[in-house]
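Step one of this worksheet: look at the structure below.
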Amino acid sequence: METKVNFLLKRISTEQFAILEENFQPKRDVNLELGLGFRYSIEERMIGVFLKIKFLQKKAAFLVLEVGCHFEIDQDAWNRFLNENKTAIVVERGFACHIAMITVGTARGVLHAKTENTEFNNFLLPTINVDRLIKEDVVLEFEAAEEK
């Protein structure tokens, strides 16, 4: 059963951005490669969602963007996320999908802003069904030195 999670979007980061014009040919087919990852900060009670996007032609990237959205989690929810042994954070699938969707939308806006007034502004991030990317609860194991 999913319970309410109070959280704040505290920070947005552009981890990577590159336009590799030498890899771009205007009339070639374009493929999209996505990567989604989660990280945490115990000290800040934060969960980061990172989306990496690559636009490719013939397996060579010509547009690369990685965006992170950093979410501060309410203390009560954070305590619920901790597993019994306090060795990992377990983020319920529904909440993980919710914050991933926020990150996808944010990445779409960052991509637009970074490519505005260039020929690469025509490459839009399509709608993404995060339910297909996140199939189960997200488990973030703590490093040994971090366990609380």
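The values are calculated or read from the model by the stated rules, or taken from the named source; none is laboratory data. Remember, predicted model here, so these are calculated numbers, not experimental data. Reconstructed Cβ throughout: ideal geometry from the backbone, glycine too, with neighbour counts over all protein chains shown.
Details
- Among the conditions (1) out of contact with any Asp or Glu (no Cβ under 8 Å at 6 or more places or on another chain); (2) assigned to a loop (DSSP other than H, G, I, E, B); (3) of a type in the set (Asp, Glu), the only one that residue 76 does not satisfy is (2).
- Some residue of the range 52-72 being more than 13 Å from the chain's Cα centre (by Cα) and closer than 17 Å to residue 5 by Cα: yes
- Annotation note: of 138, 49, 67, the sole residue that is aliphatic (A, V, I, L, M), under 19 Å from residue 19 (Cβ atoms) and modelled with pLDDT of 95 or more is 67.
- Per the listing 43, 33, the residue uniquely in a strand (DSSP E or B) and loosely packed, with under 13 Cβ neighbours inside 10 Å is 33.
- Set 98, 112: member being touching a residue at least 12 places away in the same chain (Cβ under 8 Å), surrounded by fewer than 20 Cβ atoms within 10 Å (Cβ to Cβ), under 17 Å from the mean Cα position of the chain (by Cα) and not in a strand (DSSP E or B): 112
- Residue in the range 2-23 that is without any contact (Cβ under 8 Å) to a residue 40 or more places away in the chain, over 23 Å from residue 129 (Cα atoms) and basic (Lys, Arg) present: no
- Every condition in (1) buried (at least 21 other Cβ atoms within 10 Å of the Cβ); (2) of a type outside the set (Ser, Thr, Tyr); (3) more than 30 Å from residue 142 (Cβ to Cβ); (4) touching a helix residue (DSSP H, G or I) at 6+ places or on another chain (Cβ under 7 Å) holds for residue 55 except the one numbered (4).
- Residues in the range 36-82 that are among the aromatic types (Phe, Trp, Tyr) and more than 19 Å from residue 94 (Cβ to Cβ): 50, 55, 62.
- For the range 7-23, the criterion of being more than 21 Å from residue 124 (Cα to Cα) and in contact with a Leu (Cβ under 8 Å, 6 or more places away or on another chain) is met by none of the residues.
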